[in-house]
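No value in this document is a laboratory result; all are computed from the given coordinates. Computed from a prediction, not measured in an experiment: that's the story for all the values here.
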Amino acid sequence: MRLPLADRRTVGAYARRLLTQYRVPLTAVVGIQALGAVAALAVPWLVGFLVDEVTAGTTMEVVTRTGLLLTLALVLQTLLVGIGDRQSRVLGENIFAQLREEFMRTVTHLPLSTVERAGSGDLLGRTTNDVDRVQWAVRFGVPRVLVQAVTVVLVLGAAVLASPLTALAMLVSIPVLYPVARWYMKRYAAAYAKSSEAWAAVNGEITETVEHAATVDALALGGRRRRRMRAAVQESWEREDYTLLLRAVLFPGITFGSVLPTAVAVVWGGWLVSQGWATLGQVSTVALYTVQITGSMAELLMWMDEIQVAGASFSRILGVSEVPSDRTPGGPEPTDSAIRARDVRYAYIEGRDVLHDVSLDIVPGERLAMVGPSGAGKSTFGRMIAGIHPPTGGRVTVGGANLVDLTEERLRTEVALVTQEHHVFVGTLADNLRLARHDATDTEMREALAMVDALGWSEALADGLETKVGSGAVTLTPAQAQQLALARLVLLDPHTLVLDEATSLIDPTAARHLEQSLGAVLTGRTVVAIAHRLHTAHDADRVAVMENGRIVELGSHEELVRAGGEYAALWESWQSE
Ligand code: ADP
């Protein structure tokens, strides 16, 4: 399964919306550039004038004056183009910043199950390669295309004004450029879409192999992964090869088509002069215009190519927002904090349920431990209770409201999942905390840190809360990162926590320290602990034993031991270890 692609209409509509939104600065940029282009038009015109004057025998004064005017035109052109370029880059940056923000908003709200199914490589490809390609086109392409299109129109007009007959020479480029451009246009869209896709596949193979390197090693999958990677690279190479062929035809075609008019203008113009239908100056002017237009045409077509590439990437980026949401916020508000699971089923792969009609009422304020063999479905069920995935069948409610009918912000104030994965985001310590609550004050953040016993080290950092952390800045220890995650929970303040092996990866001394921090966070909350050590179960109010996607036993430690079932056996074997 892959993430969807946006169709051409959606991409077109989105681009139009952007252009409309930035209409004013865009017009200003094009206006300035057009003035620059007009100043540039003066140069061939003045040269032509000079040629005619000199042919007729003129005074030194006229030559000097024309020379000065030429200089002035050049200076003016340089200034205007400089200002215009700067403005267009600023504009490009603004548009791109907006794009990136909109994209990030979409990405961070993607249903997790979709990302897991599509593989992170596809999404990663879209957030890196595709964003890069679009960025280039938006920052430089759009402004340059506008400028060069204006230039081409102005130069054509000026050439016709200078000498309509000589300007006919420009027509010879049409029979060359038209078929080449048509041939290319017919093929590019599919070719670039396929090449982007192949890139995403390479990305996927590599990230998945690297992320799960330990598994690859443990299962000796190295050879297989390498073969898959080689196949993906081969595929990508072939696709790239084809797009290269397209360009290998397009570019020489463009060059030939745009240089040809210059040669024709000189020969044809020479004949016109000999017949007395044009002056030497007019022919010089038009010939210089054909040279001027060459650059613009080449740049236009080059951008056309780049913009096609970007278009394919754009449809992949916009496609991400077409992933259907897995939740429909707007249901009733919870009336209390009791979480109930009713007949919950879940299938990662269609038709293969890993949970079979699991029902469970969590009593507010209790400690519930979930135990059972690996693969029994404990983590999956934990994710259902935390509202990470909507169940395939049945429902999980809090205070009568479906978890997945709450907004994400609201949901996280009800229940949160705590796992052993903790990520420090690049930014300040405060940024990392404000992820939980964007309006948290410094005092609240300090209180949260104090609660998890992290105020000491965080205040000792060079800039306190404003210290930059994460890769490339201050590196936090795994225990500190975990404390940061716990402080975020304090800020979120959910009444229920689902704990998945929260401290099992930390070294024992840090673990004891962390357990105190964790204890402070757990106090006063309902806790569902997915337990991997039975002493967690021993200390819990109730224990749920899970096996093959079902809860097979439920009761307090004592009750279950007395009942002499699965749990009693587990407990016995654990104690005799
Ligand atoms: P536990 O937490 O009890 O070890 P899990 O909930 O992790 O069990 O797994 C339950 C079942 O679901 C297992 O058979 C496991 O292979 C399967 N499973 C877990 N995660 C995924 C996934 N992302 N895709 C497909 N199957 C999965």
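The angle between the Cα long axis of helix 174-211 and the main principal axis of the chain comes to about 20°, on a 0 to 90 degree scale. Against the chain, whose longest principal axis comes from its Cα atoms, helix 222-275 is set at around 20 degrees.
With both residues required to sit in the chain, DSSP beta bridges show an antiparallel share near 55%. Relative to the longest principal axis of the Cα atoms of the chain, helix 566-575 runs at roughly 90 degrees.
May I ask for the percentage of alpha-carbon pairs in the chain that lie more than 42 Å from each other?
Distances greater than 42 Å cover 45 percent of the Cα pairs.
Can you pull the Kirkwood radius for segment 442-484, inverse mean 1/r over Cα pairs, to one decimal in Å? That comes to 10.6 Å for segment 442-484. Excluding same-chain residues fewer than 8 positions from residue 194, which aspartates and glutamates have a Cα within less than 12 Å of its Cα? Those aspartates and glutamates meeting the cut-off are 235, 238, 240, 241. Taking a ≥ b ≥ c as the square roots of the eigenvalues of the Cα gyration tensor, an a/c ratio of 1.5 or more together with a/b no larger than b/c marks segment 118-186 as oblate.
Of all beta bridges DSSP finds with both residues in segment 415-527, what is the antiparallel percent, to the nearest 5? Don't skip to the answer; put the middle values down first.
Working: 2 of 9 bridges.
For segment 415-527, the DSSP antiparallel bridge percentage is about 20.
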